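Worksheet: one structure, shown below.
The values are calculated or read from the model by the stated rules, or taken from the named source; none is laboratory data. Keep in mind that what you see is a predicted model, and the values were worked out from it rather than measured. Every residue, glycine as well, gets a Cβ built from its backbone with ideal geometry; the counts of neighbours run over all protein chains shown.
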Amino acid sequence: MILMNDIVRDGDPVLRQVGAKVAFPLSDEDRQLATEMMAYLENSQDPKLAEKYGLRPGVGLAAPQVGVSKMMAAVLVPGPEDDPTPLFKEVIINPVIVSHSVQPAALSEGEGCLSVDKDIDGYVVRHDRITMRYQDTSGQTHKIRLRDYPAIVCQHEIDHLNGHLYYDLINTQTPFQLTDDSTVLID
Ligand code: FHF
Ligand code: ZN
């Protein structure tokens, strides 16, 4: 299983590389990676398992974060606390944002990253809504619309696949200043 020790930290060049496109049918190795990455998210969101294995809870994990420079990421966005159905659960392969809203959005608390050990404060301004094309593990192509929190998580993951980290998008001088008053702040 993937543990915190397996997660590559900021400063490792793999986090700044553009991942290679993944070929289909998936190799056994790529299929196992997909399964293991999703298992990390599931385990990390289970308080007992997170405690037992020292996992930092995550809603996304990109292959470069485990040292694999490929266009693959797992996303597991939980639904409301009383509802076990996730808002979005998928291993996204070769994902591309094909269009997006003009309207920006940011998490009101800012973001964090499993590969960044210190907290870096500030709004990470992204698109509020995206249309994303990706392949699933069976090679089937999907084109879906996402908004608000799931859209933010997918943008964070797609950024990893292109060598970008969340703090690249923070205004270091004025981290909590918004230049566009139409920005949606997401709790
Ligand atoms: C996280 N954790 O998952 C953050 C980090 C906006 O590339 O958000 O670095 F586990 C992936 C419910 C609400 C349950 C929040 C995308 C953030 C992606 C992982 N935790 C959570 C939860 C969380 C990163 N990452 C702070 C670790
Ligand atoms: Zn991250």
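Considering region 47-63, the residues that are within 10 Å of ligand 1 (Cβ to nearest atom) and without any contact (Cβ under 8 Å) to a residue 24 or more places away in the chain include one that is farthest from Tyr166 (Cα to Cα), namely Ala50.
All of Asp159, Asp148, Asp117 fail the test of being modelled with pLDDT of 95 or more, on the phi > 0 side of the Ramachandran plot and within 13 Å of ligand 1 (Cβ to nearest atom), apart from Asp148.
If you go through region 150-187 and pick out every residue that is within 22 Å of Ala20 (Cβ to Cβ), of a type in the set (Gly, Ala, Ser) and free of Cβ contacts under 8 Å to residues at least 60 places away in the same chain, you end up with 0. Could you please give the count of residues in region 25-45 that are part of a loop (DSSP other than H, G, I, E, B) and surrounded by 14 or more Cβ atoms within 10 Å (Cβ to Cβ)? So the answer is 2.
With respect to the stated conditions, Pro80 is more than 16 Å from ligand 2 (Cβ to nearest atom), in a loop (DSSP other than H, G, I, E, B) and modelled with pLDDT under 95. Being in contact with a Pro (Cβ under 7 Å, 6 or more places away or on another chain) and over 30 Å from Pro25 (Cα atoms), is that true of even one residue in region 90-108? No, there is no match, as no residue in region 90-108 is in contact with a Pro (Cβ under 7 Å, 6 or more places away or on another chain) and over 30 Å from Pro25 (Cα atoms).
Hey, can you tell me all the residues within region 66-77 that are within 12 Å of ligand 2 (Cβ to nearest atom) and over 10 Å from the mean Cα position of the chain (by Cα)? Matches in region 66-77: Val66 only. Of the residues making up region 134-149, those that are free of Cβ contacts under 8 Å to residues at least 60 places away in the same chain and under 15 Å from the mean Cα position of the chain (by Cα) are Tyr134, Leu146, Arg147, Asp148. Identification of strands (runs of 3 or more DSSP E) wholly contained in region 87-187 with 1 or more residues that are surrounded by 14 or more Cβ atoms within 10 Å (Cβ to Cβ) and within 15 Å of ligand 2 (Cβ to nearest atom) yields 88-100, 104-107.
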